[in-house]
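Before any comments, here is the structure.
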């Protein structure tokens, strides 16, 4: 290590070093001369003798240089030679560099995005010490939010108090939608956190104080720390905010501090407040997760102390988990302890998320492979042109290893230039793209979310780009280098024409590369075709309900105590000018939330239950959304008025066609019964008596039809309004009515069309990305096919000339050339179609309206690739067929 | 025998060539390390030290000495700094580093073993 450092230091001061050495040797000689004079020699003799004794100084200096530089000069020579060669072939270099820049660029870009979403550390000081703790528990009766991975309050305390390998353990809830009261009530996201939250994260508030343990004792006065973002916007960065009261879901909280800018909010978004665990009963009235021993809702993050490794933490917490298991037997806990990242993916979804990321990277990787095949082909073609130079170098005594190293150095130079260019382009363009795409990914119903994601390049991104650059240089450089450095010296130097063994070998290799390229780009293009057809389907699909001219009114989380949501509001809105129909529903069509559950037929066990979506609606719902009732009837006003959400008992329901098919097949469901097990566990079943069958409507996600069960509902949830007038007019009418009855309620009036547009937008983004990749693949593959075909043609100028001299027509010559150069294209296309049909089967399970065997997509892609290859062949061959014969014959 | 005499018959000298092939590889470095063991010296002083200590049998030429010294610098076994020699000339003084001292001890042991081994072979019947 030190040796390398000294070598490097030498490089920077080589000339000074050499000057000093000269001076030193001269001083040495002078000392020797003086010594000799003292021994009695004349100055003349002493001079001569000392000069003689010194030996070959020039050689010594060379030796010294070699000692310091080691193998470096040879490599440096390779680099300089490589740069010279590449500059001489500017066009080749430019094509190769741009091709690689595109390939490496899109991959680095998508990795930057994945890195920002999946791998980025929690934004906190010494984040490498933070570990996320998750658990999967079997046995025991539990309620859980946010899937698995969460902990109860008492489990949290057990880990926090017993863990010695961790210097602190914090807990936080999922971001919680809350109504922030005031002159203009608004919906915000907040986090409920343990009172050591700021201490463990090491992020002190920028104003006021952090939470302290007393704040977390049950019954403590309600306090919050405000988020930095909401403080600067809603509270205009008021420095006197500390000590004032704010209203969260109509409860008063005293502001004790303002979190520092960029404080982690427990999720990749900025939160408006941090409330102590003890405030949970205030924010979730009705359920007490804070006291409930069975309610899992806390995410845990620990900070490793005293340099303890992840393994030590795992071992210790595993022991604690075993203790808890023994106390609460029968129960079995499995802990997941990882370095904490800012976006925590629940362990249940981790497999799927990794799979999705892998598929995404594979698609991008294909583009890079195509780019590599392109450059390898270019190198091979050029290598054949360079065979004479290489043969001469070999015959002058260069070893094959030396020639391969030289060629690899050139590849490395190309890929470094491509990697640099690509990374710069990628980092710039993908950050812009993400900034545009992220807000569009938030459903319109959710209050404005400030994402806390960081897509700037970090060490991981740089390492990825570097690895890609070095890897590609080997991938596209090694094979051509080995191929080119193995010429048959005799033949090459005698300028023997194409057709000899070596060049046949390299022609076969080029053909294989073209085949691979065609196959890869076929796969990408067929996938793209499917995606585009999917996109078309998304835009044209009929969701099965009328969404134009429908507005919806939804309320903030605190509408419970409000007196607004009632029959009177419905009547008032119905009386507004232009309003044609009004209805309440528990779920917004294509909205942010859904409610599903298991249902079974009488006589079936709970294991046999099947999944259905639920909604509670008032009688006018179906006619308002234009969902026809196919059999039976809609609800009566009396059923709606008597509706209650208690469990048990019997209630009338309307089911969708899909549900009818799922549960009853072809038989008539009217009058039959479905059962639902108690959601809390332990209670009796709820019986649903089917009074009607409604047509299928895509209410939960666009493009998918799921079994639906509609229960009668009382006013509550979302008010749907269909009107003749403009949305703006009807919206302002509704707003005025709501404000008049209760000015403190938070609500939104939005067009239902926006929800449909959001769904289309999201699938549009996915499709645009896919289509972009496909087009890039096509462009790269076209360049590659053109390059190879035209090179193959140009190698045969003389042969063509002879054929034409012997009487072949230009057309004959063209046909021969094309037949040979298109063969690998055809083989590649066939392989591509086979692979692509497998890929498309996977894709079509994700997309809708597209069958896997999509003849238009498959045939279209194949046709496109063939057209490109044909055009390349014709364009390359044209000069040959037009060429004047004598010139062609003399061509070398 | 004086220096002048020695120079009249160069074929008697050892180590005047660029690569002192008549020494075992690495031996010259060992000898230099050893002579630096008694204190910092400049190049000529090292040569003189080796000549005197070897009872006039080792005459190291500059073209062999300086590459060897540079190898010591590269490996971090010695440090060099400019100073003034006894004759009031500018000269570069070489000083052992702790790593150099360790190297000297290790090399010395290795050399002893080697000499013993050679001795065994020569003495074998």
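The values are calculated or read from the model by the stated rules, or taken from the named source; none is laboratory data. Remember, predicted model here, so these are calculated numbers, not experimental data. As a convention, Cβ positions derive from the backbone with ideal geometry for all residues, glycine included, and neighbour counts pool all protein chains shown.
Against the condition at pLDDT 85 or above, within 14 Å of another protein chain (Cβ to nearest Cβ) and either within 24 Å of residue A:62 (Cα to Cα) or assigned to a helix (DSSP H, G or I) (or both), how does residue B:28 come out, does it pass? Judged against the criteria, residue B:28 is a match.
With the structure loaded, tell me whether residue A:381 is part of a helix (DSSP H, G or I), at pLDDT below 80 and farther than 27 Å from residue A:769 by Cβ or whether it fails that test. Judged against the criteria, residue A:381 is a match. In this structure, does residue A:537 turn out to be surrounded by 19 or more Cβ atoms within 10 Å (Cβ to Cβ) and either touching a helix residue (DSSP H, G or I) at 6+ places or on another chain (Cβ under 7 Å) or touching a residue at least 60 places away in the same chain (Cβ under 8 Å) (or both)? Criteria not met by residue A:537.
When the range B:86-98 is filtered for residues that are at the interface with another protein chain (Cβ under 7 Å from one of its Cβ atoms) and outside any strand (DSSP E or B), the ones remaining, listed by number, are B:87, B:89.
Residues considered: A:87, A:80. Of these, the only one that is in a helix (DSSP H, G or I), away from chain B (no Cβ under 14 Å), within 29 Å of residue A:22 (Cβ to Cβ) and under 50 Å from the mean Cα position of the chain (by Cα) is A:80. For residue A:435, the stated conditions hold: it is free of Cβ contacts under 8 Å to residues at least 12 places away in the same chain, out of contact with any strand residue (DSSP E or B) (no Cβ under 6 Å at 6 or more places or on another chain), assigned to a helix (DSSP H, G or I) and under 30 Å from residue A:364 (Cα atoms). Just one of (1) away from every other protein chain (no Cβ under 13 Å); (2) free of Cβ contacts under 8 Å to residues at least 24 places away in the same chain fails for residue A:47. It is (1).
Taking the numbered list (1) within 14 Å of chain B (Cβ to nearest Cβ); (2) modelled with pLDDT of 80 or more; (3) closer than 28 Å to residue B:67 by Cα; (4) crowded, with 16+ Cβ neighbours inside 10 Å in turn, residue A:57 passes all entries but (2).
Being away from every other protein chain (no Cβ under 11 Å), in contact (Cβ under 8 Å) with a residue 40 or more places away in the chain, on the phi < 0 side of the Ramachandran plot and under 12 Å from the mean Cα position of the chain (by Cα) holds for only one residue in B:58, B:72, B:50, and it is B:58. Every condition in (1) crowded, with 19+ Cβ neighbours inside 10 Å; (2) modelled with pLDDT under 70; (3) under 26 Å from the mean Cα position of the chain (by Cα); (4) part of a helix (DSSP H, G or I) is met by residue A:840 except one, and the failing one is (2). Only one entry of A:40, A:116, A:70 meets the criterion of being crowded, with 17+ Cβ neighbours inside 10 Å and in contact with a helix residue (DSSP H, G or I) (Cβ under 9 Å, 6 or more places away or on another chain), and that entry is A:116. Is it fair to say residue A:32 is more than 10 Å from chain B (Cβ to nearest Cβ), under 28 Å from residue B:86 (Cβ atoms), at pLDDT 80 or above and in a helix (DSSP H, G or I)? So residue A:32 fails the test. The residue list B:121, B:84 contains one member that is over 27 Å from residue A:66 (Cβ atoms), surrounded by fewer than 19 Cβ atoms within 10 Å (Cβ to Cβ) and touching a strand residue (DSSP E or B) at 6+ places or on another chain (Cβ under 7 Å), which is B:84.
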